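FYI, it's all coordinate maths here, none of it is from the lab. All figures in this text were calculated on a predicted structure; none of them were measured in a lab. Here the Cβ is made from the backbone with ideal geometry for all residues, glycine too, and neighbour counts use every protein chain on show.
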Amino acid sequence: MTTLLGVDLVGREVLVAGGGPVAASKARALVDDGAVLHVVTPMVCEDMLDLCDLPAVTWTQREVTLEDVTGSWFVVAATGDTSVDQALCERATLQRIFSVCAGVASHGTARNPAITEHAGLRIGVVSTGQPDPARTVAVRNAVAVHLETADLDLRHRRAVPARPGRVVLVGGGPGASDLITVRGRRALAEADVVVADRLGPTDLLRTLTSSVEVIDVGKSPGRHPIPQPEINRILVEHARRGRTVVRLKGGDPFVYGRGGEEVIACREAGVFVEVIPGVSSAFSAPGAAGIPLTHRGTVGAVQLVHGHEPIDPHLIGAVAAETTTLVVLMGVALLADHVADLLAAGSPADLPVAIVEEATTQRQRVTRGTLSSIVGVARTAEVRSPAVIVVGRVADPALLAGG
């Protein structure tokens, strides 16, 4: 029976006998864990040579001897010579030092697990019978995927005295729950408090345990029940209580998401803040609708604007010249004004326009027209926010129809 035990080797000497790829792999893991390595071998491979340049690694260029075991906290026997490795492990056992034998696991008193790290946890997989490295690695990989993608509650259970709180701005993506990044999903699993917008993967909120506090600060056109300064105050207040606060936003926090304002508020309050980028609807909504924002031979530039106010005349000129694709976020309410400005600047009346509503969700709908027709078409279709407007030749469905 193999007993799993976490061992702290930080700052403690480990003997690594051998300089080949196997020894280098085990040495790398030990260095990453903070161990101080004494490598004894006549020759080393390139990977081990790189490690020997580190301050925590000393290389003695000669054959290993049994006396090298003395004074070590842990021994890695990976010389490639079975008899030498066995002798080193036997000497280590006599001195009550745990050892790993790279060639024959039964000769040592420990085994290196296949490790994955996630959310401040380290999880290892070892075989209890005959060693089977390929199997343990495969299981480790499967466990890692589960940790990164499953709905798990990974919050701290034991109170940590004076544990500092933090704020994590998470870009939740355009709407579909499986388009949030792995890192964003991980942050949600560690959250004590989630401050959520109206848009983004709100379905994920239902997967959180009931003890996670969810604060809805969502805005809609013309309706801002919780102003931005109050949102900033909520983030700072909960973080100061020692909580992990996830600010879940639609799209990307730094693309018309006021993420910059929230970062400033946290930093001014002395609160640690992290930003996890998200998939912006500005680029994913057209993609979900089959619209390439750039296409060789058609257009090679993209301009992104918000539609709450008139579009910059310089950008309108580029659209009129058909040298750029125009992407408008939050522009449904002023659609008629934007179209009128584009036409007045000389944009072709037949320039294709597509409006993608609730992109990537089951409710996604694409409304198409041209600059001369889109206002009427959108009115008839009762187009509503959230929607992304794309103006340019790339919005023509015939572009990707093929021959």
TODO: Can you tell me the FRET efficiency between Ala401 and Glu261 if r is taken as the Cβ-Cβ distance and R0 is 56 Å, rounded to the nearest 0.05?
DONE: 0.80
Open item on the list: With volume of the Cα convex hull per residue in Å³ as the read-out, I listed [x] 216; [y] 164; [z] 136; which label goes with the value calculated from this structure?
Closed with: [x]
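Go through segment 346-395 and name the GluC sites (Glu not before Pro) that are in a DSSP coil and have 16 or fewer other Cβ atoms within 10 Å of their Cβ.
Working: sites: Glu357, Glu358, Glu382; in loops: Glu358, Glu382.
Passing sites in segment 346-395 are Glu382.
Evaluate the relative contact order of the chain (contact order divided by residue number), counting alpha-carbon pairs under 8 angstrom at least 6 apart; express in whole percent. If you can, show how the numbers build up before the last one.
Values: 794 pairs, mean separation 41.4, N = 403.
Relative contact order, the chain: 10 percent.
What is the calculated FRET efficiency for His306 to Ile226, with r their C-beta to C-beta distance and R₀ = 30 Å, to the nearest 0.05?
Values: r = 20 Å, r/R0 = 0.67.
It comes out at approximately 0.90.
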Open item on the list: Sorting check: for 365-377, 7-19, 165-177, which peptide has the highest mean count of neighbouring beta carbons within 10 Å, and how do the rest follow?
Closed with: 165-177, 7-19, 365-377
- [ ] Could you tell me what % of all Cα pairs in segment 13-112 have separations over 16 Å?
- [x] 46
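Could you sort 76-87, 299-310 so that the peptide with the highest average Cβ count within 10 Å comes first and the rest follow in order? Mind dumping the intermediate values first?
On the way: 76-87: 20.8, 299-310: 15.6.
So the peptides 76-87, 299-310, ranked by packing, come out 76-87, 299-310.
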Task: Principal axes of segment 31-79: Cα extent on each, largest first, Å - done: 26, 23, 16
- [ ] Based on the mean of other Cβ atoms within 10 Å per residue, sort peptides 349-355, 289-295 so the most packed one is first.
- [x] 349-355, 289-295
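Rounded to the nearest 500 deg cm²/dmol, what is the calculated helix-only ellipticity per residue at 222 nm for the chain, with -39500 (n - 2.57) per DSSP H run of length n ≥ 4? Working shown, then result.
On the way: 11 runs with 114 residues, N = 403.
Only helices count here, giving -8500 deg cm²/dmol.
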